[in-house]
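Report on the structure given below.
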Amino acid sequence: MSKDNEINFQVPFSAYLEDLKTRMKETFRNLSETDRLILRKGVPAVVLRKIMPMNPLSVSIPAVYGGRGGQVGEILALLSAAAYESLAFSLTLGINSGLFLQPVTKYANEQVKKEIFSRFMNDQTMGGLMITEPDYGTDALNMQTCFVPEQATFHITGLKHWAGLTGFADYWLLAAREQLDSGNLKRDIDFFICDVHAPGQEIMVEELFDNLGLHQIPYGRNRIDIHIPKPFRLEPKTTGIKLLLDLLHRNRLQFPGMALGFIHRMMDEAIDHCRSRWVSGSPLLNYDQVQHRLARMQASYTITSAMCAYSSHKAGLEQELSGSGLVANSVKSFATDLMQEAAQSLVQLVGAKAYRFSHIGGRGIIDSRPFQIFEGSNDILYAQVSESVLKRMKKYKEHNLFQFMRLLRYTEKAACTVKDLLNFELNMELPQRKMVELGKVISRVISMEMVMDLGVKGFKKELIDNCLVVLRLEIAGLFGHFKTSDSSIVVEDYQANSTWLDFISTV
């Protein structure tokens, strides 16, 4: 790093963040105006040249290694500020932070950490995580990438895909299972740090995918046949599966940082447009349906703010989060649903002008959509939220949803607010579709609790009050659907007697 670009770590984080916001605004808005096609070409060189010298990833590195300390609250603020200008860049920072730097900080060998963090601080290095495989996406625990211990290294072979920053990252955190003499793979998972520039550690990119959105982040298919020195294996406190859950839950709890910045931008763009756009002699802002959409966007802004406040205190590296799936899955799935809704609302309010890749609303729909899929598909996460609650209810022999949720530490105040909606005997044997619907309800009640806690701390009362109204309406609507019988199934042989033209009279 040149002397002109050295970061003064004595500068308070708030001042550093404001400088970074200014640099990101200048860079991304100029980039969008001058060369829109560059958004399709991977991480733009101008971003590396203008923003990375400010070393935003230093926020995720402990102070003992020269970083800003790795405080979750500051990381979330950084992700939010980046997402306001570029969701793809915010995700790039999030991948580096939540999926590489934080697990390395918590679980890597001390000497290994020193070397890696030095490169991140001085060489604009980046890192990512490889878990997903072509035949074992959601079923990650059955991954087939395997390793065999050698004298001084681990020999790892396999195939990984959809890893963000494919072909671009300098370091990879690789998940693999040990191969036994019998040829079978152990159930547990191990993680290894791969330095793609080191001898014997090059990862072969077999294909770069034509991802629909997030064009600044390369994705692809990677062939693994490498030898990792033994000190570069992560050291779990108990098992590798618990390490994986701790890693994933912490990262999911940091999704609200990206969600907040993105929703904030969608909301600001929508309000500005509705103030300046006049229809039939009145600004759009005066129309009731427009007010409804904007109020929901503001509620989303408030919800994700509350989630950030929660995560700032509960997602630090000193916390063991392997057992925190209920809250982590609720936060990730609801926050990312709100992102997509905010982008859809902006496009609806702006109209045809927003239905272009060059417009932040149209691009926002495409860029925010995969957030509902990666890091756990939201349908699956909502079902897991329900499974967690039902398991606890069965343990305590409680069938009344309200009676259980008023005693659950994540929902005790919010449950009393919506007692009339929760006060019923819950069927303990629900079909999967109802598990997903119930998970959505529970995630909203958990979020309502976070919003109420944020209100107590002094967050703007009007935003809190409006948000609680919106959340109550949503919970009521979800329950209406949940309590309605649904036995619909796909008709596989649908072709017979299903062409409408056969059933009209012809002359």
So Leu408 clears everything in (1) outside any helix (DSSP H, G or I); (2) open to solvent by 80 Å² or more (accessible area, probe 1.4 Å); (3) not polar (S, T, N, Q) except one condition, right? Which one? (2)
Kindly check whether there is at least one residue in the stretch 422-440 that is modelled with pLDDT of 95 or more, within 18 Å of Ser300 (Cα to Cα), aromatic (Phe, Trp, Tyr) and surrounded by 12 or more Cβ atoms within 10 Å (Cβ to Cβ). no
Tally up the residues in the stretch 389-405 that are part of a helix (DSSP H, G or I) and loosely packed, with under 13 Cβ neighbours inside 10 Å, please. 3
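Tell me, yes or no, whether the stretch 491-500 has at least one residue that is on the phi > 0 side of the Ramachandran plot, out of contact with any strand residue (DSSP E or B) (no Cβ under 9 Å at 6 or more places or on another chain) and open to solvent by 70 Å² or more (accessible area, probe 1.4 Å). Give the steps one after another, and end with the answer.
As a first pass, look at the stretch 491-500 and keep what is on the phi > 0 side of the Ramachandran plot: 497.
Then drop every residue that is not out of contact with any strand residue (DSSP E or B) (no Cβ under 9 Å at 6 or more places or on another chain), which leaves 497.
If we keep only those that are open to solvent by 70 Å² or more (accessible area, probe 1.4 Å) too, we end up with 497.
Among the residues of the stretch 491-500, at least one is on the phi > 0 side of the Ramachandran plot, out of contact with any strand residue (DSSP E or B) (no Cβ under 9 Å at 6 or more places or on another chain) and open to solvent by 70 Å² or more (accessible area, probe 1.4 Å), which makes the answer yes.
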Only helices (runs of 4 or more DSSP H) wholly contained in the stretch 1-90 count here; list those with 1 or more residues that are among the polar types (S, T, N, Q), modelled with pLDDT of 90 or more and over 20 Å from Ile366 (Cβ atoms). 13-34, 72-85
All but one of (1) open to solvent by 70 Å² or more (accessible area, probe 1.4 Å); (2) at positive phi; (3) not hydrophobic (A, V, I, L, M, F, W, C); (4) not in a loop (DSSP other than H, G, I, E, B) hold for Gly351, so report the exception by its number. (1)
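Does Gly376 satisfy the criteria of being more than 30 Å from Leu245 (Cβ to Cβ), open to solvent by less than 30 Å² (accessible area, probe 1.4 Å) and not hydrophobic (A, V, I, L, M, F, W, C)?
Details: more than 30 Å from Leu245 (Cβ to Cβ): no; open to solvent by less than 30 Å² (accessible area, probe 1.4 Å): yes; not hydrophobic (A, V, I, L, M, F, W, C): yes.
Spelling it out, it is not the case that Gly376 is more than 30 Å from Leu245 (Cβ to Cβ), open to solvent by less than 30 Å² (accessible area, probe 1.4 Å) and not hydrophobic (A, V, I, L, M, F, W, C).
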Please find, within the stretch 260-283, the residue that is most open to solvent (accessible area, probe 1.4 Å) out of those that are among the hydrophobic types (A, V, I, L, M, F, W, C) and part of a strand (DSSP E or B). Trp278
Set Val451, Val469, Val445, Val436: member being β-branched (Val, Ile, Thr), assigned to a helix (DSSP H, G or I) and either more than 21 Å from Ala309 (Cβ to Cβ) or touching a strand residue (DSSP E or B) at 6+ places or on another chain (Cβ under 9 Å) (or both): Val436
Residue match in the stretch 335-354 (condition: modelled with pLDDT of 95 or more, small (Gly, Ala, Ser), under 19 Å from the mean Cα position of the chain (by Cα) and over 17 Å from Ser80 (Cα atoms)): no
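So which strands (runs of 3 or more DSSP E) stay within the stretch 159-211 end to end and still have 3 or more residues that are open to solvent by less than 20 Å² (accessible area, probe 1.4 Å)?
Of the strands (runs of 3 or more DSSP E) lying wholly inside the stretch 159-211, those with at least 3 residues that are open to solvent by less than 20 Å² (accessible area, probe 1.4 Å) span 171-178, 190-195.
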Here are some conditions: (1) part of a helix (DSSP H, G or I); (2) closer than 30 Å to His273 by Cα; (3) of a type in the set (Gly, Ala, Ser). Ser358 meets all but one. Which one does it not meet? (1)
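I'd like to check something: does the stretch 92-104 contain any residue that is surrounded by fewer than 18 Cβ atoms within 10 Å (Cβ to Cβ) and not in a loop (DSSP other than H, G, I, E, B)? Reasoning before the result, please.
Within the stretch 92-104, the first condition is being surrounded by fewer than 18 Cβ atoms within 10 Å (Cβ to Cβ), and the residues that meet it are none.
Within the stretch 92-104 (the criterion being surrounded by fewer than 18 Cβ atoms within 10 Å (Cβ to Cβ) and not in a loop (DSSP other than H, G, I, E, B)), the answer is no, since none of the residues qualifies.
Go through the stretch 295-321 and report how many residues are more than 18 Å from Ile475 (Cα to Cα) and either crowded, with 20+ Cβ neighbours inside 10 Å or under 13 Å from the mean Cα position of the chain (by Cα) (or both).
If we filter the stretch 295-321 for residues that are more than 18 Å from Ile475 (Cα to Cα), which is where we start, we get 305, 308-321.
With the extra rule that they be either crowded, with 20+ Cβ neighbours inside 10 Å or under 13 Å from the mean Cα position of the chain (by Cα) (or both), the set shrinks to 305, 308, 310-312, 315, 321.
Number of matching residues: 7.
Please work out if Asp123 is over 19 Å from Val205 (Cβ atoms), at pLDDT 95 or above and open to solvent by 30 Å² or more (accessible area, probe 1.4 Å). Step through it out loud before you land on a result.
On the way: over 19 Å from Val205 (Cβ atoms): yes; at pLDDT 95 or above: no; open to solvent by 30 Å² or more (accessible area, probe 1.4 Å): yes.
Criteria not met by Asp123.
The values are calculated or read from the model by the stated rules, or taken from the named source; none is laboratory data. Everything numeric in this text was worked out from a predicted model, so none of it was measured. Neighbour counts are summed over all protein chains in view; Cβ atoms, including those assigned to glycine, are modelled from backbone coordinates with ideal geometry. Ligands, DNA and RNA are excluded from the accessible area calculation, which covers all protein heavy atoms including side chains. Shrake-Rupley method; radii C 1.70, N 1.55, O 1.52, S 1.80 Å.
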